[in-house]
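Scroll down for the structure; my scribbles are underneath it.
Please treat every number below as a calculation from the coordinates, not as lab data. Since the structure is predicted, the reported quantities are computational estimates derived from the model, not experimental observations. Here the Cβ positions follow ideal geometry from the backbone for every residue, glycine too, while neighbour counts run over all protein chains shown.
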Amino acid sequence: MEDNILCQWSVIRSILAILQWWGFNVTVIIVNKWIFQKIDFKYPLSVSCIHFICSAIGAYLVIKVLKLKPLIPVDPEDRWRRIFPMSFVFCINIVLGNVSLRYIPVSFMQTIKSFTPATTVILQWLVWRKYFEWQIWASLVPIVGGILLTSITELSFNMFGFCAALFGCLATSTKTILAESLLHGYKFDSINTVYYMAPFATMILAVPALLLEGSGVMEWIQTCPSLFSSLVIIFGSGVLAFFLNFSIFYVIHSTTAVTFNVAGNLKVAVAVTCSWLIFRNPISALNAIGCGITLCGCTFYGYIRHMLAQPPPGTPQTSRAPRGKMELLPLVNEKLDDKV
């Protein structure tokens, strides 16, 4: 009886975790697009910098003040030798995502972002000469095909936004690959990741944001008809970005890898649908088919990765930590690649 109740609670907790992750993720994307399109705050560097500042403050409060998460200690030397390079790539990744949102619809941006598994595999094969099973390469075919079909049929195509989104995929893949070497020996959850990387990212981005967008931001402040409400939305997006990281930490401990992968692809579909309902960007039938093919390819890729990671039949299983105790997942785990 108790086992049945625990099983039911585990299912309910997993569903709630996925729903709150979807909620924060889709809300952050929609709010960012609203900032660029409706508020006319066309400064992606400044928006990214605000996100990093809010995330750094939030992580500090969670770890140092509220003590909801233990701080994972890092050697001072490693902070500059390992964390700083990762923060630089992390910063590029977030900025390119916001730049792409500035120029292309959410649906197109989210579809291109699904190209990340392919860029990760290709970079690991080219840089590290890492061997991959043929099933992995086969699973990339629908992802690449869907991206090509979506790009060709996109009615609101913008080359600059497309390139920003595509290079954002490369930045995400580079972050994953660098993490395997730079962060060897450290196992970060998403909150500790933000705690160490957000301050560095703010330092990296503050100067170019000030030089390239400072005058434009000041002019926007002077001419904005509803300044207070607009600033609330902009800084609110930074707070939501931090809570998104917190939601990722919760969901990865409440679901399996396969469930997370499927839920992540369904989340893209939810984001695309919500953005269309709000912004009414035109989507052709072939464009929707291409997006669907890409998402199916990502689901198939996740399934193949999971199956190949399973030990052969007869292999003794290693002991796992009790379900009640949280395990610290490495940053290179693909579950942690969805931070905004």
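Just to be sure before I move on: is residue 139 within 29 Å of residue 37 (Cα to Cα) and of a type in the set (Gly, Ala, Ser) in the structure I sent?
On the way: within 29 Å of residue 37 (Cα to Cα): no; of a type in the set (Gly, Ala, Ser): yes.
In short, no.
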On the basis of being in contact (Cβ under 8 Å) with a residue 24 or more places away in the chain and not in a helix (DSSP H, G or I), does residue 33 make the cut? no
Counting only residues in region 134-156 that are of a type in the set (Gly, Ala, Ser) and part of a helix (DSSP H, G or I), the one nearest to residue 108 (Cα to Cα) is identified as 151
Selection count where residues are touching a Ser or Thr at 6+ places or on another chain (Cβ under 7 Å) and of a type in the set (D, E, K, R), scope region 115-140: 0
Look through region 100-159, keep the residues that are closer than 22 Å to residue 286 by Cβ and of a type in the set (D, E, K, R), and return whichever of them is farthest from the chain's Cα centre (by Cα). 154
